[in-house]
Amino acid sequence: MSLRTEPGRHGSEFRRRRKLCDIQRALAKDPPDVATLRRMAISEGGLLTDEIRCLVWPRLLNVSTEELPPPPGPELRVNNKDYEQVLLDVRRSLRRFPPGMPLKEREDLQEQLIDIILQVLARNPQLHYYQGYHDIVVTFLLVVGGPLATLLVDKLSTHHLRDFMDPSMDNTKHILNYLMPIIELVNPGLHDFMVRWVYTLFLVAVGQYKVEVLTLCVHHRAEVGTIFALSWLITWFGHVLSDFRHVVRLYDFFLACHPLMPIYFAAVIVLHRESEVMECECDMASVHHLLSQIPQDLPYETLISKAGDLFVQFPPSELSREAALQHQAERTAVSTFKDFELASTQQRPDMVLRRRFRDSVRPENRNKAVLTKPRTNRLVKLAVMGLTVALGAAALAVVKSALEWAPKFELQIFP
């Protein structure tokens with residue numbers, strides 16, 4: 001090994017040991033220093049080991065580990081309306097278990113996985129199972145074991161995942177609506193390539209009169225929507241990433257942050273792949289196929305950092321307010337133009353939030369403003385914006401900003 005690589009290696013090991021000490025000190029405090037634990041989970045490398053995650057994940061979710069639930073009895077599965085679907089999904093989850101795991105051990109874990117899911121649903125009859133939920137639950141099972149996984153998933157299901165577990169997909173669609181506005185704020189050109197329709201207004205001379213004609217420019221459109229990101233969102237990327245290390249690193253990040261952070265991470269993946277997207281044929285099938293095949297060699301730490309930056313710069317409360325303004329604007333347009341009325345009935349969810357700062361910010365300056373905004377205190381702000389709420393992500397974004405839900409003592413760290 002060359003001497004040139006040694007300093008970096010020693011520096012990396014030093015940072016790792018320092019982080020371990022910081023985590024241990026935060027856990028040893030009474031009460032534990034959750035703000036520090038959040039910063040550790042967000043910062044480079046995350047929580048480092050599964051042993052540390054067993055200690056920190058319950059703190060991030062404010063779950064007591066003093067009384068673990070007993071194993072369920074066989075009556076849990078009797079006449080259970082979700083059992084057959086859960087069984088089918090779990091049987092298809094072979095790729096989520098470590099390669100080379102003995103068959104008996106995997107079968108035992110699959111049985112535990114079924115029981116955890118059914119226990120959580122039995123405790124929370126207002127929740128509805130969805131395909132992909134098991135991809136999240138199996139991650140907790142593999143990291144912390146069955147009894148603790150049941151407690152953590154129960155809390156997660158009534159907080160971060162709450163909107164995915166409604167009887168309808170309405171709140172899930174609402175969360176997906178945030179994807180395109182984030183992309184537009186950072187890269188308007190990529191956004192315009194991906195949106196469904198491009199409107200153009202031109203004048204046509206008819207005799208001696210000039211008649212304004214509103215038309216749809218139907219050439220050069222992608223119509224890609226946001227459905228390609230659905231499996232990313234509802235499984236926290238567990239279904240689409242093959243390396244378990246990357247999955248748990250993202251879970252560290254998401255558990256320490258706002259419930260909408262996965263949609264910000266989805267946005268930075270699309271932004272990271274700009275050149276690939278722009279080289280595609282500008283049609284729905286090509287772009288959707290490209291984006292739905294997520295690369296396995298993403299620069300995860302870089303993307304996590306960028307997602308955090310974007311969340312601080314464009315918090316959900318700002319985007320949700322624009323959604324309300326856009327909805328009102330569309331209603332006004334509908335009342336005036338029949339063409340808009342027709343178009344509005346055909347719009348996809350990704351068209352709800354649009355054109356932020358289009359009148360006040362020059363397009364050529366927008367990328368620069370996003371990329372050069374100071375990043376000081378980013379980890380502190382993200383930690384403050386973490387989980388402290390009892391509402392679902394969509395309801396939270398509409399009703400309150402993330403900071404308004406943070407503990408009062410944590411707000412004091414802001415200048």
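The values are calculated or read from the model by the stated rules, or taken from the named source; none is laboratory data. What you see is a predicted model; the values in this text were computed from it and never measured. Glycine also receives a Cβ, built like all others from the backbone with ideal geometry; neighbour counts cover every protein chain displayed. Each accessible area value is taken on the protein alone, full model and side chains, heavy atoms only, with ligands, DNA and RNA left out. Shrake-Rupley method; radii C 1.70, N 1.55, O 1.52, S 1.80 Å.
Is it the case that some residue within segment 275-282 is out of contact with any Gly (no Cβ under 7 Å at 6 or more places or on another chain), over 21 Å from Asn177 (Cα atoms), among the hydroxyl-bearing types (Ser, Thr, Tyr) and at pLDDT 95 or above?
no
Taking Ser12, is it small (Gly, Ala, Ser), under 30 Å from the mean Cα position of the chain (by Cα) and buried (at least 17 other Cβ atoms within 10 Å of the Cβ)? Give the derivation first.
Working: small (Gly, Ala, Ser): yes; under 30 Å from the mean Cα position of the chain (by Cα): yes; buried (at least 17 other Cβ atoms within 10 Å of the Cβ): no.
Here the answer is no, as Ser12 does not meet what is asked.
Pro7: modelled with pLDDT under 95 and in a loop (DSSP other than H, G, I, E, B), yes or no?
Here the answer is no, as Pro7 does not meet what is asked.
If I go through segment 160-183 residue by residue, how many of them are part of a loop (DSSP other than H, G, I, E, B) and under 19 Å from Phe311 (Cα atoms)?
So the first thing to find is which residues in segment 160-183 are part of a loop (DSSP other than H, G, I, E, B), and the list is 160-161, 166-169, 177-178.
Pick out the ones that are also under 19 Å from Phe311 (Cα atoms) and you get 160-161, 177-178.
Number of matching residues: 4.
Let's see how each residue does on (1) at pLDDT below 95; (2) open to solvent by less than 20 Å² (accessible area, probe 1.4 Å); (3) in contact with a helix residue (DSSP H, G or I) (Cβ under 9 Å, 6 or more places away or on another chain); (4) part of a loop (DSSP other than H, G, I, E, B):
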{"position": "Tyr199", "(1), (2), (3), (4)": "yes, no, yes, no"}
{"position": "Val211", "(1), (2), (3), (4)": "yes, no, no, no"}
{"position": "Leu214", "(1), (2), (3), (4)": "yes, no, yes, no"}
{"position": "Gly225", "(1), (2), (3), (4)": "yes, yes, yes, yes"}
{"position": "Ala229", "(1), (2), (3), (4)": "yes, yes, yes, no"}
{"position": "Ser242", "(1), (2), (3), (4)": "yes, no, yes, yes"}
{"position": "Val248", "(1), (2), (3), (4)": "no, yes, yes, no"}
{"position": "Tyr251", "(1), (2), (3), (4)": "no, yes, yes, no"}
{"position": "His258", "(1), (2), (3), (4)": "yes, yes, yes, yes"}
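When you scan segment 33-51, do you find a residue that is more than 27 Å from the chain's Cα centre (by Cα) and surrounded by 13 or more Cβ atoms within 10 Å (Cβ to Cβ), even just one? Before the answer, list the steps.
Taking segment 33-51 as the starting set, the residues that turn out to be more than 27 Å from the chain's Cα centre (by Cα) are none.
Scanning segment 33-51, I find no residue that is more than 27 Å from the chain's Cα centre (by Cα) and surrounded by 13 or more Cβ atoms within 10 Å (Cβ to Cβ), so the answer is no.
Being farther than 24 Å from Asp108 by Cβ and charged (D, E, K, R) is the filter here, so list the residues in segment 133-186 that pass it. Before the answer, list the steps.
Step one: filter segment 133-186 for residues farther than 24 Å from Asp108 by Cβ, giving 155, 158-186.
Selection gives Lys155, Arg162, Asp163, Asp166, Asp170, Lys173, Glu184.
In segment 283-315, which residue that is assigned to a helix (DSSP H, G or I), at pLDDT below 90 and of a type outside the set (A, V, I, L, M, F, W, C) is nearest to Val248 (Cα to Cα)? Quick ask: steps written out before the conclusion?
Of the residues in segment 283-315, the ones assigned to a helix (DSSP H, G or I) are 284-292, 300-313.
Among the residues that remain, those that are also at pLDDT below 90 are: 284-292.
From what is left, the residues that are of a type outside the set (A, V, I, L, M, F, W, C) are 286, 288-289, 292.
Numbers: Ser286: 30, His288: 26, His289: 26, Ser292: 21 Å.
Looking at residues that are assigned to a helix (DSSP H, G or I), at pLDDT below 90 and of a type outside the set (A, V, I, L, M, F, W, C), I get Ser292.
What is the number of the single condition among (1) open to solvent by less than 60 Å² (accessible area, probe 1.4 Å); (2) of a type in the set (Lys, Arg); (3) more than 23 Å from the chain's Cα centre (by Cα) that Arg123 does not meet?
Condition not satisfied by Arg123: (1).
crowded, with 19+ Cβ neighbours inside 10 Å, out of contact with any Gly (no Cβ under 9 Å at 6 or more places or on another chain), modelled with pLDDT under 85 and farther than 30 Å from Leu55 by Cα: which single residue out of Leu319, Leu271, Leu325, Leu342 fits that description?
Numbers: Leu271 fails: modelled with pLDDT under 85; Leu325 fails: crowded, with 19+ Cβ neighbours inside 10 Å; Leu342 fails: crowded, with 19+ Cβ neighbours inside 10 Å.
Leu319 is the lone residue from the list that is crowded, with 19+ Cβ neighbours inside 10 Å, out of contact with any Gly (no Cβ under 9 Å at 6 or more places or on another chain), modelled with pLDDT under 85 and farther than 30 Å from Leu55 by Cα.
For segment 52-65, which positions are under 21 Å from Asn124 (Cβ atoms) and open to solvent by 60 Å² or more (accessible area, probe 1.4 Å)?
Initially, segment 52-65 is screened for residues under 21 Å from Asn124 (Cβ atoms), giving 57-58, 60-65.
Listed by number, the residues that qualify are Asn62, Ser64, Thr65.
Restricting attention to segment 127-159, which residues are under 17 Å from the mean Cα position of the chain (by Cα), of a type outside the set (A, V, I, L, M, F, W, C), more than 15 Å from His239 (Cα to Cα) and part of a helix (DSSP H, G or I)?
Ser157
One line per residue, one yes/no per condition, for (1) without any contact (Cβ under 8 Å) to a residue 60 or more places away in the chain; (2) in contact with a Pro (Cβ under 9 Å, 6 or more places away or on another chain); (3) among the aliphatic types (A, V, I, L, M); (4) open to solvent by less than 30 Å² (accessible area, probe 1.4 Å):
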{"residue": "Ile117", "(1), (2), (3), (4)": "yes, no, yes, yes"}
{"residue": "Tyr130", "(1), (2), (3), (4)": "no, no, no, yes"}
{"residue": "His134", "(1), (2), (3), (4)": "yes, no, no, yes"}
{"residue": "Leu142", "(1), (2), (3), (4)": "no, yes, yes, no"}
{"residue": "His174", "(1), (2), (3), (4)": "no, yes, no, no"}
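I'd like to check something: does segment 98-106 contain any residue that is out of contact with any Lys or Arg (no Cβ under 8 Å at 6 or more places or on another chain), exposed (fewer than 12 other Cβ atoms within 10 Å of the Cβ) and touching a residue at least 24 places away in the same chain (Cβ under 8 Å)? If you could, list the steps in order and put the result at the bottom.
Step one: filter segment 98-106 for residues out of contact with any Lys or Arg (no Cβ under 8 Å at 6 or more places or on another chain), giving 98-106.
Subsequent filtering for residues that are exposed (fewer than 12 other Cβ atoms within 10 Å of the Cβ) retains 98-100, 102-105.
Keeping just the survivors that are touching a residue at least 24 places away in the same chain (Cβ under 8 Å) gives 98.
The answer is yes; a qualifying residue exists.
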